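Here is the structure we will look at, set down as structure tokens.
Throughout, read-outs are computed from the coordinates displayed, never taken from laboratory work. Predicted model, so just to flag it, every value in this text is computed and none were measured. No Cβ is skipped: glycine too gets one built from the backbone with ideal geometry, and neighbour counts run over all protein chains shown.
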Amino acid sequence: MKPAKFDYVAPTTVDAAVEALVAANGEGKVLAGGQSLLPLLNFRMTRPGVLVDLNGIQGLSFIEPRGDRIAIGALTRHREIEQSPLIASKLPVMAAAMRHVAHLAIRNRGTIGGSLSHADPAAELPMLSLFYGAELSVQGPAGRRIVAAEDFFVDALTNCLEPEEIVVEIEFPMLAYDGWAFEEVARRFGDFALASIAVSVRRGSSTIDNVRIAVMGVADTPLRLKAVEGKFSGVSIDDRTPDRFSELVMSSVSANSDLHASSEYRQHLLGKLAARAMRTALTAKE
Amino acid sequence: MSAKISVIVNGEKYDVPGVEPRLLLSDFLRDTLGLTGTHVGCEHGVCGACTVLVNGDSVRSCLMFAIQVDGSEITTVEGLGTPEELNVLQAQFREHHGLQCGFCTPGMLMTGEDLLRKYPLATDEDIREGLSGNLCRCTGYQNIVAAIRSAATKRSEKAS
């Protein structure tokens, strides 16, 4: 038995789960898919007094269209998102990214609510929530509130939630685009990214109308590069466009060094991926 | 704090009282049920050696609590074939020398079973991507990929 002792509660409603967290008085921890939490428990890097297991709550696992958005329940497993025809047709950048999300056995268990809450700076779903401008619906003692993805990620492994709040569902706007790309490099396929970029482009015959960019692996949180988006709207398209884009992206981030890669390498990598992504996005696919 | 759980493991029903919430599924299978075919490597979800099937899906048994599988159906490596009659994938591991020390093999087999069911595995690249969550320190993976390739071919021959 690796983890330290804890009390275990398995509520069947979100209300009861919030009550359990309130009762735990700051000592509670939410268990969803467990694919990030269990390693921390096994190492005893975290020792919650109470584990509140959400897996018995019905109705938190779904993928459904809602107007011009796709709503995904917090307990939806990565594997279901990876395989969803709705995601493939309406959120194609997410569909492309899902095969990079860890490994099969992890995708079978891991959940979107868990991944967002864990807020790993090199995980795909937090970055995608920024890319799409997603809104998270969270429930706490005072009821539900909506949190924009751009307000959600505070620091590495840190979100903006109160200890008694739980992510319940996430809405992703369906973006209009003429082309898009998702690029990632990890040391081993499925591992956390050294660098990654998602790009979508709306274009005329010879100019870029607007572009949307999110990156990860190069800061303490994933980033949406709004400054680069601003500079790149309205530019004319020629052979040098991907390289100019690459330079702008590189100069807009200062990557971190860690034991996996130096700052210089991550920045270089992101630049290469940016050029490749822009090239792909400009080769419009219908 | 402990609970009684009921599980079906490899077709056999077990009712086990006194399960502590913090007992990992891997330790439950090995120490409580005595099914030591499931190997324990890193115990934090990196090596894949402890992979088992829970309700048909491959999961890392070191990243689940036993208490969470109450009412579930589990398949471990002991549930695949028998020493006298290996299943298709096991037979291909033998045929292609897909193991040396054997430590990673239970995880490789259980992951392989799930991959064969869920993905077309059209190319060796697909197999390598699928196996990227399982570490082997002996074979260099070539023979494991060959074994799964061969099992996939045999399955599609059987289906057609």
Original post:
In whole percent, what relative contact order does chain B give with Cα contacts below 8 Å and a gap of six or more residues?
Top reply: 23 percent
**OP:** Among B:Gly11, B:Met110, B:His97, flag the residue with its Cα farthest along the positive direction of the charge dipole of chain B, charges on Cβ as +1 for Lys/Arg and -1 for Asp/Glu.
**Re:** B:His97
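To the nearest 20 debye, what is the magnitude of the charge dipole of segment B:88-155 about its Cα centre, counting +1 on the Cβ of each Lys and Arg and -1 on the Cβ of each Asp and Glu?
It works out to roughly 160 debye.
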Original post:
Kyte-Doolittle mean at least -0.5 and Cα extent at least 24 Å along the axis: which DSSP H helices of chain B qualify?
Top reply: B:142-159
Original post:
GluC sites (Glu not before Pro) within segment B:76-130: which are DSSP loop residues with at most 12 other Cβ atoms inside 10 Å?
Top reply: B:Glu84, B:Glu85
Original post:
For segment A:123-212, what does the alpha-carbon gyration tensor say about shape, rounded, prolate or oblate, given a ≥ b ≥ c as the root eigenvalues, a/c under 1.5 as rounded, and a/b over b/c as prolate?
Top reply: oblate
Subject >> Estimated FRET transfer efficiency (B:Asp15, A:Ser254; beta-carbon r; R0 35 Å; 0.05) >> reply: 0.05
Original post:
Mind checking which aspartates and glutamates have their C-alpha under 14 Å from B:Lys4, skipping anything on the same chain fewer than 8 residues away?
Top reply: B:Asp15, B:Glu20, B:Asp70
Subject >> Phi-based couplings in Hz for segment B:47-52 (Karplus 6.51, -1.76, 1.60; Gly and Pro marked x) >> reply: 8, x, 5, 8, 4, 9
Original post:
Taking segment A:189-274, which trypsin sites (Lys or Arg not before Pro) meet the DSSP loop condition and have no more than 12 other C-beta atoms within 10 Å?
Top reply: A:Arg240
Original post:
Where does each of A:Ile197, B:Ile127 land when they are ranked from fewest to most other beta-carbon atoms within 10 angstrom?
Top reply: B:Ile127, A:Ile197
Original post:
Measuring from label point to label point, each 7 Å out along Cα→Cβ, what is the B:Arg128 to A:Thr207 span in nm?
Top reply: 4.5 nm
Original post:
Once both axes come from the Cα atoms, what is the angle between helix A:263-282 and the longest principal axis of chain A, in degrees from 0 to 90, rounded to 10?
Top reply: 70 degrees
Original post:
In terms of the Cα gyration tensor, with a ≥ b ≥ c the square roots of its eigenvalues, is the protein assembly as shown rounded because a/c is under 1.5, prolate because a/b exceeds b/c, or oblate?
Top reply: oblate
Original post:
Which entries of A:Lys226/A:Lys272; A:Lys90/A:Lys226; A:Lys29/A:Lys226; B:Lys13/B:Lys158 show an alpha-carbon separation above 27 angstrom in the structure shown?
Top reply: A:Lys29/A:Lys226; B:Lys13/B:Lys158
**OP:** Starting from the Cα of B:Lys118, draw a straight line to each of the aspartates and glutamates and keep only those under 20 Å, dropping any in the same chain fewer than 8 residues away.
**Re:** A:Glu80, A:Glu82, B:Asp57, B:Glu73, B:Asp126, B:Glu129, B:Glu157
**OP:** Using only Cα atoms, find the angle between the long axis of helix A:14-24 and the longest principal axis of chain A, and express it within 0 to 90 degrees, rounded to the nearest 10.
**Re:** 70 degrees
Original post:
Looking only at other chains, what is the average number of their beta-carbon atoms within 10 angstrom of each beta-carbon in B:54-61?
Top reply: 5
**OP:** Work out, step by step, the length gained on full extension between A:Asp7 and A:Val235: first 0.36 nm times the residue separation, then minus their alpha carbon distance; give nm to one decimal.
**Re:** 76.3 nm
Original post:
Relative contact order of chain A: what whole-number percent is it, with Cα pairs under 8 angstrom and at least 6 residues apart?
Top reply: 15 percent
**OP:** May I ask you to derive the FRET efficiency for A:Arg188 and B:Arg94 from their Cβ-Cβ distance with R0 = 41 Å, giving the value to the nearest 0.05?
**Re:** 0.90
Original post:
How far, in degrees from 0 to 90, does helix A:241-252 lean away from the longest principal axis of the Cα atoms of chain A, to the nearest 10?
Top reply: 50 degrees
Subject >> Cα lying deepest toward the dipole's positive end in chain A, options A:Ala71, A:Leu130, A:Ala255, charges on Cβ >> reply: A:Ala255
Subject >> For B:Thr51, residues with placed amide H under 5 Å, excluding near neighbours >> reply: B:Ser61, B:Gly107
